[in-house]
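Notes follow the structure.
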Amino acid sequence: MKQRISKKNECNKDTKQLVEKIANEYKLFYYSMMEKDKNEIFESCSKIKFYICVSEYFEWKEGIDKKHVEALKNIIHPLEALWQYYLDHEYIRASTWDDIDELLACYSDRLCADILSAGISE
């Protein structure tokens, strides 16, 4: 796996930590995939593509919305959380940065709604 140096402008501490967490999660995912046999890898091709697209978004995208960072910064495995959300919502795509912006907006909005509804029901 090639090590790349991001061209990202300076960003705040939370964004840097999230980008680092996602990069580490992607590396673990990558190496776990390399240990699988060819049939398991083939069956995981959608997840592989998703992880690549989303991790590259966070590596290279400048000006990631603070709302998205806030929604993901406390998630232990943000790529896996986004993958599960993606699977649960058929209409969402993740092939382009615009798609990923929409995915993150929907995920963030859902997370905020869940927090608000939990606060109201208590």
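Observations
- Summing Lys and Arg as +1 and Asp and Glu as -1 over all other residues whose Cβ lies under 15 Å from the Cβ of I76 gives a net charge of -1.
- Computing Rg and the Kirkwood Rh from the Cα coordinates of segment 20-92 gives a ratio, Rg/Rh, of 0.98.
- Whole-Hz ³J(HN,Hα) from phi, Karplus 6.51 cos²θ - 1.76 cosθ + 1.60, for segment 58-71, glycine and proline x: 5, 6, 10, 5, 9, x, 5, 4, 4, 4, 5, 5, 4, 5
Quick note: the coordinates plus some simple rules give every number you see, no bench work behind them. Just so you know, these numbers come straight off a predicted model, no measurement behind them. Quick reminder, even Gly has a Cβ in these numbers, built from the backbone with ideal geometry, and neighbours come from all protein chains shown.
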